[in-house]
Each structure stands twice: as structure tokens, then as C-alpha cells.
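One structure is given here, and the rest of the page talks about it.
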């Protein structure tokens, strides 16, 4: 019973996290986005957190659907996520290339409605969401050039971060 409840929590994470984090102007969110922009360790933490969530999802998915062979396909992506450097490069490539984002989004939607590919779809959705939380191209330059005391600093920074 607990596995089934957790199974419904994972898709809920895909909705709740963007609602809570996207363009929030609070000091903690700005600090988190600034840390993701400037610190390699913060980005590595995000990548490892996504890998942990995907692994937990796969364990839960297997507990509910032990005979579903589609989980073997999505396990390949877990091995990619276990390498923090490779995952960070992949997430940054997804973040920087809009056509790559669109392609992964389309593949995620198609996989969601294909039998035995729900686990692959959820894995790609978590990867896409994490990639969208990575900093934009000009975020680091913006931090170096602007002072936090400027008026509308938070709004301008968030526009550059999510550009």
C-alpha cells in the first residue's frame, strides 16, 4: 500500500517543484539560484538529488510492477545520472538548446502513452525538470556585473537565470 502511495507522489513532484521554485523572488530562492550559478558543488548536489529521486522512483515502480520489462530501458539513464560530471554536462546541454529541450519533451510525452515506457517517461521528465533549474547562459555574467543593492535586482536576475 505504501508503495502505491509513493507512486503517486513522484508525478506530484514534477508539478509541485516548478510551482514552488520558478521565478520566486524570495531571498532563499535567489540565494539557491545564485549558488547554482556560481558553485560547482551546488550543481553537483542538484544532479545527485535527481539521481537519488530517479533511483527511488525505479525501486517503487518495480515494487508495484515487477513484471514490467520497460524499466530495463530507463535503467540505462540511471547509469548516465550516476556520473555527476556527465549528468551536469547533459543538463547544461539540455538547458542551453531549446530544440533539444523540445525534442526531449516530445519523447517524454510519447513514452508516457506507450505501453511499458512509463518509467522511461518519468525518468526523462525528472531530467528535463532538473535541466530547467540549471542557470541560463548570462546568469554568471549578470552576478559579476551587477550589485545586489540595485533596484529590481531580483527580477532582472531571475529573467537572466531562466532565459
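FYI, it's all coordinate maths here, none of it is from the lab. What you are looking at is a predicted structure, and each value in this text was computed from that prediction instead of being measured. Cβ placement follows ideal geometry from the backbone for every residue including glycine, while neighbour counts extend to all protein chains displayed.
Using packing as a proxy for protection, rank 155-162, 122-129 so that the peptide with the highest average count of other Cβ atoms within 10 Å comes first.
Details: 155-162: 17.0, 122-129: 22.1.
Top to bottom by mean Cβ count within 10 Å: 122-129, 155-162.
Calculated [222 nm] ellipticity per residue, helices only, for the chain: -25000 deg cm²/dmol; basis is -39500 (n - 2.57) per DSSP H run with n ≥ 4, divided by all residues, nearest 500.
Using C-alpha pairs below 8 Å separated by at least 6 residues, the relative contact order for the stretch 2-161 is 28 percent. Helix 71-81 and the longest principal axis of the C-alpha atoms of the chain enclose an angle of approximately 30°. The calculated FRET efficiency for residue 107 paired with residue 153, based on their beta-carbon distance and R0 = 30 Å, is about 0.20. For the stretch 67-129, the relative contact order works out to 41 percent when only alpha carbon pairs closer than 8 Å and six or more residues apart are counted. Helix 40-64 and the long axis of the chain differ in direction by around 20°, with both axes built from C-alpha atoms. Using bins of 5 Å that start at zero, the share of Cα-Cα pairs per bin across the stretch 108-163 amounts to 4, 18, 18, 13, 10, 9, 9, 9, 6, 3, 1, in whole %. With Cα atoms as the point set, the stretch 8-68 shows a radius of gyration and Dmax of 14.9, 47 Å. How many angstrom lie between the C-alpha centres of the stretch 1-55 and the stretch 99-163? Cα centroid to Cα centroid, the span is 12 Å.
Report note on the peptides 4-13, 26-35: ranked by the mean count of other C-beta atoms within 10 Å, highest first, their order is 26-35, 4-13.
Computed from Cα atoms, the angle from the helix 84-96 axis to the main principal axis of the chain rounds to 70 degrees.
Hey, fewest Cβ within 10 Å first, where do 17, 40 land in order? It would help to have the intermediate numbers written out before the result.
Numbers: 17 16, 40 11.
So the ranking, lowest neighbour count to highest, is 40, 17.
When the convex hull of its Cα atoms is viewed from all sides, the chain shows a mean projected area of 9.8 nm². The calculated pair-distance distribution of the stretch 41-100 uses every alpha carbon pair, bins of 5 angstrom beginning at 0, and gives 4, 18, 23, 20, 17, 11, 6, 1 percent.
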